[in-house]
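Everything below concerns the one structure shown next.
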Amino acid sequence: MRAAMFAEYGPPEVLYVSTLPRPVAGPGEVLVRVHATSVNGGEVAGRAGKLKLVTGRKFPQRAGIDFSGEIAALGSPHPGLKVGDRVWGALPRGAFGSAAEFVVVRPRQVALVPAGLDLVEAAALPAGTTAITALRDKARLKAGERLLVRGASGGIGYVAVQLGRAWGAHVTALAGAKNLDLVRDLGADEALDYATTGPADLLRDGPFDVIFDSAGTDMSAYRRLLAPGGRMVSITFDTRRMVTSIAYVLASTVYGSRRVRFFSGNPTHRLFSDLADLVESGALRPVVDTVRPLDDIAGAHRALEAGGVRGKHLVQVV
């Protein structure tokens, strides 16, 4: 099979497509023929060498975390799954390799894609399980609360905006000027240009109950925007100040009533099924910025690094 990989850390150009043995589903495993994968911030940072403590120095390394596709084989029978089923899912935490023609996973790492949803477009949504976990499980967002979404037009932020609307929150979205129309269309009550709107400007209508942070910078300034008992969930760290950022998050759990929470996503079947339910109810829809072939995965990484994202950059494999 064809698969994307890199033999050294560096810019997007280190990525290349090579041929590997096609994997085989063993007992309790599922072989998925991948139709598409998305490019995520964590894997971009990993490829650039910013997460060496996690990714190590063994090469070559693989690319891709989430995927959409169809089941090609079952290593053993599993209730609710059969060959030919359309599924989406993700590799377990810390694993890469979904930017390939086939991938082997456990049944708990996939769920059925909603009927009628294009399989390539579907790859724009699996990362949205992070937004579900952040807002529903970590922040426990309630109807009527004020929600601030940083990076509202990005690959996970655009899902957070839709969830905030669906769950009855008042949504304030921070995004680039050219993407304000998108976040308004997704349901934001207010859409503000992050380049001209600072933390102090955001307090004019009062503090926020929940902040969803996909930027990871200036945490202390945004934490001050929280009401007493408010919750800030960050899904990334400032890689330039990694140790400081981690220390700040840990300190916030001890001092003060305004907590900053951080977690690393590791979605399983239940979360992907919840994602499908939200799509079928009309609460969520995919937003695709670009679709590139596997041979141009470097272009997808380059586009994400350039910023100004409107949804997801996808890599089409089939």
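What follows is calculated from the coordinates using simple rules that are stated; it is not laboratory data. These figures come from a predicted structure and were not determined experimentally. When we count neighbours, we look across all protein chains shown, and the Cβ atoms used for this are built from the backbone with ideal geometry, even at glycine.
Work the Kirkwood hydrodynamic radius out for the range 174-232: mean of 1/r over every pair of different alpha-carbon atoms, inverted, in Å.
Working: mean 1/r = 0.0818 Å⁻¹.
Every distinct Cα pair counted, the radius reaches 12.2 Å.
Taking every DSSP beta bridge with both residues inside the chain, roughly what % is antiparallel (nearest 5)? Display every interim value, and only then the final one.
Numbers: 30 of 57 bridges.
Restricted to the chain, the bridges split so that about 55 percent are antiparallel.
Taking the chain as a Gaussian network, Cα atoms linked when under 10 Å apart, which of 161, 183, 54 shows the biggest mean-square fluctuation?
Highest fluctuation of the listed residues: 54.
If only Cα atoms are counted, what is the Rg of the range 1-84, and what is its Dmax, in Å?
Computed over the Cα atoms of the range 1-84, radius of gyration and Dmax are 15.2, 43 Å.
Which order do the peptides 100-107, 196-203 come out in when sorted by mean C-beta neighbours inside 10 angstrom, highest first? Can you show the working numbers first?
Details: 100-107: 21.8, 196-203: 12.2.
Descending mean neighbour count gives 100-107, 196-203.
Helix-only estimate, please: 222 nm mean residue ellipticity of the chain, summing -39500 (n - 2.57) across DSSP H runs of length 4 or more and dividing by its residues, to the nearest 500.
Details: 10 runs with 73 residues, N = 318.
One gets -6000 deg cm²/dmol as the mean residue ellipticity at 222 nm.
Evaluate Rg over Rh across the chain, taking Cα atoms for both radii and Kirkwood's formula for Rh.
Taking Rh as the inverse mean 1/r over Cα pairs, Rg/Rh reads 0.97.
Count charges around residue 184 for me, please; just the other residues with Cβ under 14 Å from its Cβ, Lys/Arg as +1, Asp/Glu as -1. The partial results should precede the final answer.
Numbers: positive: 165, 178, 310; negative: 181, 185, 189, 190, 193.
Summing Lys/Arg as +1 and Asp/Glu as -1 gives -2.
Test of understanding: in a Gaussian network model of the chain with alpha carbons linked when under 10 Å, which of 59, 212, 272 would top the mean-square fluctuation ranking?
In the Gaussian network model the winner is 59.
Could you work out how far helix 157-166 tilts from the main Cα principal axis of the chain, as a 0 to 90 degree angle to the nearest 10?
70
Most mobile of 41, 157, 28 per a Gaussian network model of the chain (Cα springs, under 10 Å)?
28
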